[in-house]
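The values are calculated or read from the model by the stated rules, or taken from the named source; none is laboratory data. Since we're looking at a predicted model, the values are computed, not measured. Ideal geometry is used to build each Cβ from the backbone, glycine not excepted, and the neighbour counts take in all protein chains shown.
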Amino acid sequence: MSHKRLERKQLGTPMMTVGSEINIVRSNRVVINNTICPAEIIISNGKIINIVPKKSLAPSKGEKIMDVGDLVVMPGIVDTHVHVNEPGRTAWEGFQTATKAAAAGGITTIVDMPLNSLPPTTTLSNFNVKLQAADGQCYVDTAFWGGVIPNNQAELVPMLNAGVPGFKCFMIASGVDEFPHVNFMDLHMAMKELEDTEAVLLFHAEVDVNQGNPALEDPTEYNTFLNTRPDIMEVQAIQMVAELCLLYNVRCHIVHLSSAQALPIIREARQAGAPLTVETTHHYLTLTSEHIPPGGTYYKCCPPIRGKDNQEELWAALCNRDIDMVVSDHSPCTPEMKLLEDGDFVKAWGGIASLQFGLPLFWTAAKQRGFTIHDLVQLMCKNTAKLCKLIERKGSLQPGWDADMVIWDPDKVFEVQEQIVHHKNKLTPYLNFRLHGEVFATIVRGRLVYQERKFSPKPQGELLLIQQTKAEENTAPYY
Ligand SMILES: NC(=O)NC(NC(N)=O)C(=O)[O-]
Ligand SMILES: [Zn+2]
Ligand SMILES: [Zn+2]
């Protein structure tokens, strides 16, 4: 497919210096609520001051105008499911690398998950350790989920008051010992603590059903692993979440839904008034079990990537708004942990790192299915901003809101290909995608943090401490 490469001269003004503050962004395609039109975004002190019809005025002296021609300017993406494993496991992923990947992917806000770092964010003092580690290291704005584990209910309200928007818990082993999973009684205690707050509780919703004995099968075959994580594990877990959500009226959110079989439970609970939302991820929407090669442990994640029929049902649920948002579940580890040589799916680390490719991964598949850029903004910006209580300042281009935006070419096709040696030294394409929609530049609160593979010279992202807002209507879905 031929694609128009926007030469610099077409952008109107000389390229801006990455890292500089921008006063005006001018484009023929600005995404404003439900229109895309020529406009100028006036920025001051990190906020959008106004959005006006596009003029052809030359910049007044010293004004920094970024004229991006026909490139699309849309709200910066808010990714509420990112595992940054610093402090303690920075070799898996640290704040600098994670937030650079985010900036390269048009993501202007991430919300860090409370596990894989040491210590995990499960107490107020651990949260402070996390904040100290992140300070001065983030290229995009960063908020933080707290964690619910057995017997830490006394820490929840203190962490809320310190600025976490909610908590994550696991209903099955999390993969790291210091973040144990919760049982039904733990959840009752946590829900009681959160009952009168505006916190949201996120669930890794799988419960153990002791199915499949991998010891008897070939661990390098993907189905050996897939058979140990059947749909029923998500279905039973989500049934439990739905009951608790209705019982306590605490906002609940199902992270990384993989099994479409759980959708009727979610639909029924929401019809009964449960403040329940659900996300799926880029990998469940773009990868299927039929295409995972023997030993391809880089595709291992929990819940697992399932078959093509299941994937079609996830897309249908996105279309009819049974699924509220799409995130990365960026869960990196060191290459060694993926056991690429012997390709053992059972023992390898579960997690897929896709932060920098989320936008083109989703858009490549979504545009073919008739989704619009407005759908993308709803699913990856607005609804995620609402989940983490940033909806009054992020997720849309509005006067008074943060000047967070991504500038991209939805029609630009580019290839991502990486080959790694693995599984009996066979060289297998790791990622071999032709993706639609390359990011040109990313702006965080009016500052150009990324432009054409270059990053601002220093991190300027803010650590976002989110205050408990007034009791907002517990509405879901979010449209
Ligand atoms: N400890 C993890 O990072 N776990 C993650 N791993 C995945 N998704 O495979 C997750 O979100 O459950
Ligand atoms: Zn999970
Ligand atoms: Zn995760």
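For the stretch 16-38, the set of residues classified as part of a strand (DSSP E or B), in contact with a Pro (Cβ under 9 Å, 6 or more places away or on another chain) and touching a residue at least 24 places away in the same chain (Cβ under 8 Å) consists of ILE24, ARG26, SER27, ASN28, ARG29, VAL30, VAL31, listed by residue number.
When you scan the stretch 259-318, how many residues do you find that are among the β-branched types (Val, Ile, Thr), more than 18 Å from the chain's Cα centre (by Cα) and farther than 30 Å from LEU339 by Cα? Within the stretch 259-318, residues that are among the β-branched types (Val, Ile, Thr), more than 18 Å from the chain's Cα centre (by Cα) and farther than 30 Å from LEU339 by Cα number 2.
Have a look at GLY19, GLY12 and point out the one that is surrounded by 11 or more Cβ atoms within 10 Å (Cβ to Cβ) and either more than 26 Å from the chain's Cα centre (by Cα) or at pLDDT below 95 (or both).
Unique residue meeting the criteria: GLY12.
If you check GLU195, GLU178 for being within 16 Å of ligand 2 (Cβ to nearest atom), under 18 Å from TRP145 (Cα atoms) and surrounded by fewer than 23 Cβ atoms within 10 Å (Cβ to Cβ), only one passes: GLU178. Of the helices (runs of 4 or more DSSP H) contained entirely in the stretch 247-354, those carrying at least 2 residues that are more than 21 Å from VAL84 (Cα to Cα) and among the acidic types (Asp, Glu) fall at 308-319.
ALA215 passes every criterion in (1) assigned to a helix (DSSP H, G or I); (2) modelled with pLDDT of 95 or more apart from (2).
Looking only at residues in the stretch 227-273 that are away from ligand 1 (no atom under 16 Å from the Cβ) and at positive phi, the one that is modelled with the highest pLDDT is GLY273. Taken together, ILE420, ILE391 contain a single residue that is aliphatic (A, V, I, L, M), assigned to a loop (DSSP other than H, G, I, E, B) and modelled with pLDDT under 95, which is ILE391.
Within the stretch 65-88, if we keep just the residues that are part of a loop (DSSP other than H, G, I, E, B) and away from ligand 2 (no atom under 16 Å from the Cβ), the residue that is farthest from ASP402 (Cα to Cα) turns out to be GLY88.
Report yes if THR224 is more than 29 Å from PRO360 (Cα to Cα), of a type in the set (Val, Ile, Thr) and more than 16 Å from ligand 2 (Cβ to nearest atom), otherwise no. Answer is yes for this residue.
Considering the stretch 150-168, and only residues there that are outside any helix (DSSP H, G or I) and in contact with an Asp or Glu (Cβ under 8 Å, 6 or more places away or on another chain), the residue that is surrounded by the fewest Cβ atoms within 10 Å (Cβ to Cβ) turns out to be ASN151. Once the stretch 181-191 is narrowed to residues that are touching a residue at least 40 places away in the same chain (Cβ under 8 Å) and surrounded by fewer than 24 Cβ atoms within 10 Å (Cβ to Cβ), the residue that is nearest to ligand 1 (Cβ to nearest atom) is LEU187.
Find the residue count for the stretch 198-212, including only residues that are assigned to a loop (DSSP other than H, G, I, E, B) and either closer than 21 Å to MET159 by Cα or within 16 Å of ligand 2 (Cβ to nearest atom) (or both). Counting residues in the stretch 198-212 that are assigned to a loop (DSSP other than H, G, I, E, B) and either closer than 21 Å to MET159 by Cα or within 16 Å of ligand 2 (Cβ to nearest atom) (or both) gives 6.
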